[in-house]
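To start, the structure under review is shown below, and the notes come after it.
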Amino acid sequence: MELTKEIKNCIDKSVLCWLATVSANNIPNVSPKEIFNYFGKDEIIIANIASPQTIKNIEEQNNVCISFIDILVQKGFQIKGKANIIDKNDSEYLEREKILIKMTKGKFPFTSITIIYIGQIKPIIAPKYFLFPETTEAEQIRDAKITYGF
């Protein structure tokens, strides 16, 4: 599956994503990730800054789920797929590192990257859009700003 322009725009507007993994013993783990982006048409990349449990889980069991939303519009995506950890010795590392370093401005060192290869994509939409179908994104943004004190 490919990342659409809409999904890429949402990634650009999302402050965090949440990456769900599971250990070999089927113990779930959800971890917020601040430095993430897309690469090409079908990869999400995440800088592994302080992620020992996430890395361990992916090495044991590579099924993952990542979710991200635009907090003001309250729409986003859930993506399920397979993950792989790459480090500086991997030929795929340098191109992906450039994107993530630009985001960190060099302030958050990392030596490995999680690549998520997309299997399934599902939209996330706040219930208000279903309960009140006349809700516009502009109204949702206004209400979110009031709620969150922006």
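The values are calculated or read from the model by the stated rules, or taken from the named source; none is laboratory data. It should be emphasised that the depicted structure is a prediction, and the values quoted were computed from it without experimental measurement. Cβ: placed from backbone, ideal geometry, glycine included. Neighbour counts: every protein chain shown.
Residue check, Asp90 against (1) crowded, with 16+ Cβ neighbours inside 10 Å; (2) in a loop (DSSP other than H, G, I, E, B); (3) of a type in the set (Asp, Glu), all met but one. Which one?
It fails just one condition, (1).
Any residue at all in region 93-104 that's without any contact (Cβ under 8 Å) to a residue 24 or more places away in the chain, touching a strand residue (DSSP E or B) at 6+ places or on another chain (Cβ under 7 Å) and not aliphatic (A, V, I, L, M)?
yes
Regarding region 118-129, can at least one residue be identified that is at pLDDT 95 or above and buried (at least 18 other Cβ atoms within 10 Å of the Cβ)?
yes
Just for strands (runs of 3 or more DSSP E) wholly inside region 19-81: which have at least 1 residues that are more than 11 Å from the chain's Cα centre (by Cα) and under 16 Å from Arg96 (Cβ atoms)?
Filter on region 19-81 gives 36-39.
Mind telling me which of the residues Gln78, Gln61, Gln53, Gln120 ends up being within 20 Å of Lys13 (Cβ to Cβ) and either without any contact (Cβ under 8 Å) to a residue 40 or more places away in the chain or among the polar types (S, T, N, Q) (or both)?
Matching residue, one of Gln78, Gln61, Gln53, Gln120: Gln78.
Answer with yes or no whether Thr54 is within 15 Å of Ile116 (Cα to Cα) and either touching a strand residue (DSSP E or B) at 6+ places or on another chain (Cβ under 9 Å) or among the small types (Gly, Ala, Ser) (or both).
yes
Of all residues in region 44-73, which are in contact with a helix residue (DSSP H, G or I) (Cβ under 8 Å, 6 or more places away or on another chain) and charged (D, E, K, R)?
Asp70
What do you reckon, is Ile141 surrounded by 15 or more Cβ atoms within 10 Å (Cβ to Cβ) and either over 16 Å from Ser31 (Cα atoms) or out of contact with any Asp or Glu (no Cβ under 8 Å at 6 or more places or on another chain) (or both)?
Yes.
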